[in-house]
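Report on the following structure.
The values are calculated or read from the model by the stated rules, or taken from the named source; none is laboratory data. Not measured: the values here are computed from a predicted model. Here the Cβ positions follow ideal geometry from the backbone for every residue, glycine too, while neighbour counts run over all protein chains shown.
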Amino acid sequence: MSMTQDNAWTDKVAIVTGGSSGIGRATALALAERGAKVVITGRDLTRLDAVADSHANLLPLRADSADPASANQAVAVALGEWGQLDLLVNNAGAGGMAPVERYDADTIARMCAINILAPSLMLKAALPGLRDSRGAVINIATAVSRRAAPGLAHYAATKIALEHLTRSWAAELAGDGIRVNAIAPGPVESGALTGMMGLTPEMAAAVKADEAEQIPLGRRGVTDDLLPWILQLGSSDNAWLTGQVITVDGGWSNRN
């Protein structure tokens, strides 16, 4: 697959949720470096400001994706600053590892709120702008949904739900020229293990070593492995691909 033309992003406007670290940060910077104006959201304003300081095209917005009001707020900022919206990247996610005996209602509800409800409300808020631009939506799913794993039931289940939403939205919005696709990353160096998943550094190191051995291409991924796909799917150059969930995982989900 060839990278989309860099000038395709000049003066485009995007919202990237969860833009203070990992895949969201890398995506926002890649878009900004190619001329797009980008609103990045997250709960930690200090981290958001640190990302925004690296490029003039980045606008930080403190917002908790679990709060239904955050969707309207993010879209209002993008439209208020730049008058258009061309791309929505639903990257913010919630996860955690827990065996059945440690299930907690609040934790499960938060996963559902961030991984299912938040992207739904972001799309609803963004819809008028995306209709005007015949824009695109990219949802960040996970290759974990391809294989059952102990302790990850609700994380995987909510991301599978996001995949189904991706296909449903693609069918519903095709008549408006809005393309909706998803990327399902495998094990990627994004800080998620010690952040979202809540593992200690020692536990994370053990998981990383185990995953690296399971990946046919011989290594864990980095955010640069995902960016060509995100940029291509989000670009207006991509005129005839929608409703797809593209797994980028070095062959990890196909292992025996």
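Those residues that are in contact with a strand residue (DSSP E or B) (Cβ under 8 Å, 6 or more places away or on another chain) and of a type outside the set (A, V, I, L, M), I need them from segment 160-171; list them, please.
GLU163, THR166, ARG167, TRP169
Find the residue count for segment 127-153, including only residues that are surrounded by fewer than 21 Cβ atoms within 10 Å (Cβ to Cβ) and under 20 Å from GLY93 (Cβ atoms).
8
Got a number for residues in segment 95-129 being among the aliphatic types (A, V, I, L, M) and closer than 30 Å to GLY175 by Cα?
11
Being in a loop (DSSP other than H, G, I, E, B) and under 21 Å from ALA118 (Cα atoms) is the filter here, so list the residues in segment 26-80 that pass it.
Within segment 26-80, ARG43, ASP44, ALA63, ASP64, SER65, ALA66, ASP67, PRO68 meet the criteria.
Return the residues of segment 1-10 that are at pLDDT 95 or above and either assigned to a strand (DSSP E or B) or touching a helix residue (DSSP H, G or I) at 6+ places or on another chain (Cβ under 9 Å) (or both); say none if nothing qualifies.
Within segment 1-10, TRP9 is the sole residue that qualifies.
Scan segment 26-35 and give yes if some residue there is hydrophobic (A, V, I, L, M, F, W, C), over 18 Å from the mean Cα position of the chain (by Cα) and farther than 29 Å from ILE160 by Cβ, otherwise no.
Within segment 26-35, none of the residues are hydrophobic (A, V, I, L, M, F, W, C), over 18 Å from the mean Cα position of the chain (by Cα) and farther than 29 Å from ILE160 by Cβ.
Just for segment 15-29: of the residues that are of a type in the set (S, T, N, Q) and either surrounded by fewer than 24 Cβ atoms within 10 Å (Cβ to Cβ) or free of Cβ contacts under 8 Å to residues at least 60 places away in the same chain (or both), which one is farthest from VAL222 (Cα to Cα)?
To start, the set of residues in segment 15-29 that are of a type in the set (S, T, N, Q) comprises 17, 20-21, 27.
If we keep only those that are either surrounded by fewer than 24 Cβ atoms within 10 Å (Cβ to Cβ) or free of Cβ contacts under 8 Å to residues at least 60 places away in the same chain (or both) too, we end up with 20-21.
Numbers: SER20: 16, SER21: 13 Å.
This residue is SER20.
Among the numbered conditions (1) part of a strand (DSSP E or B); (2) in contact with a His (Cβ under 8 Å, 6 or more places away or on another chain), tell me where VAL180 comes up short.
Every listed condition holds for VAL180 apart from (2).
Would it be correct to say that ALA98 is surrounded by 22 or more Cβ atoms within 10 Å (Cβ to Cβ) and either assigned to a helix (DSSP H, G or I) or not aromatic (Phe, Trp, Tyr) (or both)?
no
Yes or no: ALA69 free of Cβ contacts under 8 Å to residues at least 40 places away in the same chain, surrounded by fewer than 20 Cβ atoms within 10 Å (Cβ to Cβ) and of a type in the set (Gly, Ala, Ser)?
So ALA69 fits the description; yes.
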